[in-house]
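Okay, structure first, notes after.
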Amino acid sequence: MMVLDSSGHDRAEVVWLVDNIEVCFASVYGGTFNPLTGVRRGRIDQLATEPDLLWLASEDGAAGAPYVFAVFTGAVGEVTVTGDDTHVLSPVHQRTVDLGDGRVATFVGAHFLDFNVEVGPDLAVCTAEGSCRKL
């Protein structure tokens with residue numbers, strides 16, 4: 001399991017490998033009353049082609065801010081956000097993992113800073129080499 005980001009006991013974004021093919025990621029926001037959670041599972045190769053927006057919700061259906069999760073194949077160096085002129089996305093957090101058999105993947109996460117967001121057409125997470133995943 002890898003922690004991509006956290007803020008003490010209030011918020012955490014985590015990733016764990018099911019095996020070297022599938023991955024799960026989760027985000028938890030909130031305190032002891034009505035926390036917002038979201039969990040998703042997917043194939044690493046599929047998530048490497050397009051990012052996933054994970055919308056959080058509480059047990060009573062209250063909506064939360066979305067969380068962005070993306071995968072890049074290889075060790076890609078620093079990943080940044082582009083096209084975020086209104087600054088709706090947090091800084092990117094990432095971890096690179098050796099999956100075995102010569103395969104490496106970089107797991108990337110960021111969260112939206114507001115519950116009511118509009119994703120602009122140019123918003124993307126990009127590697128230093130210029131490989132981008134549009135949101």
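By how many nm would the segment from V18 to S131 grow when fully extended, if each residue of separation counts as 0.36 nm and the alpha-carbon distance is taken off?
Working: separation 113, 0.36 × 113 = 40.68 nm, distance 2.58 nm.
Roughly 38.1 nm would be gained on extension.
Around T82, what is the net charge, scoring Lys/Arg as +1 and Asp/Glu as -1 over all other residues with Cβ under 12 Å from its Cβ?
Numbers: positive: R133, K134; negative: D84, D85, D122.
Combined, the nearby Lys, Arg, Asp and Glu give -1.
Ranked by accessible surface with a 1.4 Å probe, highest first, in what order do T106, T86 come? Numbers along the way, then the final one.
Values: T106 0, T86 110 Å².
Result, largest first: T86, T106.
Mind grabbing the accessible area of V39 for me, 1.4 Å probe, Å², rounded to tens?
Accessible surface of V39 is approximately 90 Å².
Calculate one ³J(HN,Hα) per residue across the range 77-89 by plugging θ = phi - 60° into the Karplus curve 6.51 cos²θ - 1.76 cosθ + 1.60, and present them in order as whole Hz with x for glycine and proline.
x, 6, 9, 10, 9, 10, x, 9, 5, 9, 6, 8, 10
In nm, to one decimal, how far is the modelled label at L99 from the one at V119, with both set 7 Å along Cα→Cβ?
Result for the modelled spin labels: 2.1 nm.
The values are calculated or read from the model by the stated rules, or taken from the named source; none is laboratory data. Everything numeric in this text was worked out from a predicted model, so none of it was measured. Using ideal geometry, Cβ is built from the backbone for each residue, glycine included, and neighbour counts are taken over all protein chains shown. Accessible surface areas use protein heavy atoms only, side chains included; no ligands, DNA or RNA. Shrake-Rupley method; radii C 1.70, N 1.55, O 1.52, S 1.80 Å.
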